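To keep things clear, I will list the structure first and then write my remarks on it.
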Amino acid sequence: MKKRDLLTPIGITFGFLMLMFGILTSGGTSEAVSFVQLTSVLIVLGGIISGILINFNLDHIKATRFVLAQAFTRNEQSLPILIDLFVRLSERARREGLLALENELDNVEDPFIRKGVLLAIDGVEPEVINDIMTAEIIAMEERHQTGRAILEKAGEYAPAWGMIGTLIGLVLMLNNLTDPSTLGPNMAVALLTTLYGTVLSNLVFIPMAAKLEMKSNEEVFLKQIAIEGVIGVQSGQNPRILNEKLSAFLSGDMKRKNEDELDAEYMGESVNEA
């Protein structure tokens, strides 16, 4: 299940607020207005958009909004929840057979896990299941990498176009040295384009690209564990053994907590049977 990731908008907003705070405390409200320069904004944004249009094809550009949306959402699925799911599936498969898992699929939201369990129910060989699901992971990584490249390229282009705007402003300033009234606006264009480009690159594009990379790595990690879980369920592994196998991927504290919960569950089952 996807939920909003508030840290991304909070981080970006906080960064801009700190910039505004620094400007206001140094020069006051009247000086803050001088940091707004439409010409500089157009040069930087126009340059970034132009570079992206040249660098990527139309399909990649259309997918940009979906890529950006991923930076503002988070996946609720965690490793302990994933382990608990496969332990539950293993228990039912050993008790009632693999075909009984079809009834459990209604509670599985992840299409990747659903696909793996269906392959197991259909009696597909473990090696084939591993190949099919691994190929899907590779395809997903390629999609994520392509989408992330748009933000990475924007992060590269922004400072460069800031420097281009600076050069434009300097040329205009040098051409009009005889007119003192033009020196201020031209110098503002020269400096603010560099500021805008640097801020957009280091506060928006590069951090968002890094966050998408981190999320992609986490998703790949969980999917690889899911493959182990599916194969373990199909092979009829003991739920306790499967739990131990998958818990090897947990951190120390999470692993101890998971073991305590499993011990409590088995003790409860023993009491009920008695």
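The values are calculated or read from the model by the stated rules, or taken from the named source; none is laboratory data. These numbers were taken from a predicted model, which means no experiment stands behind them. Glycine gets a Cβ as well: all are built from the backbone with ideal geometry, and neighbour counts include every protein chain shown. These accessible areas exclude ligands, DNA and RNA; they are computed on the full protein's heavy atoms, side chains included. Shrake-Rupley method; radii C 1.70, N 1.55, O 1.52, S 1.80 Å.
Can you find a residue that is of a type in the set (A, V, I, L, M), open to solvent by 70 Å² or more (accessible area, probe 1.4 Å) and either in contact (Cβ under 8 Å) with a residue 60 or more places away in the chain or closer than 23 Å to residue 245 by Cα (or both) anywhere in the stretch 71-81?
Yes, the conditions are met somewhere in the stretch 71-81.
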#### Entry: Filtered residues of the stretch 53-94 (kept if in a helix (DSSP H, G or I), in contact with a Ser or Thr (Cβ under 8 Å, 6 or more places away or on another chain) and of a type in the set (A, V, I, L, M))
83
### Task
Give me a count of the residues in the stretch 116-136 that are under 24 Å from the mean Cα position of the chain (by Cα) and crowded, with 17+ Cβ neighbours inside 10 Å.
2
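Is it the case that residue 45 is among the aliphatic types (A, V, I, L, M), within 21 Å of residue 207 (Cα to Cα) and open to solvent by 70 Å² or more (accessible area, probe 1.4 Å)? Before you say what the answer is, go through the steps one by one.
Numbers: among the aliphatic types (A, V, I, L, M): yes; within 21 Å of residue 207 (Cα to Cα): yes; open to solvent by 70 Å² or more (accessible area, probe 1.4 Å): yes.
Taking the combined requirement at face value, the residue satisfies it.
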### Summary
residue 231 vs (1) surrounded by 15 or more Cβ atoms within 10 Å (Cβ to Cβ); (2) out of contact with any Asp or Glu (no Cβ under 8 Å at 6 or more places or on another chain); (3) closer than 30 Å to residue 153 by Cα; (4) not aromatic (Phe, Trp, Tyr): all pass except (3)
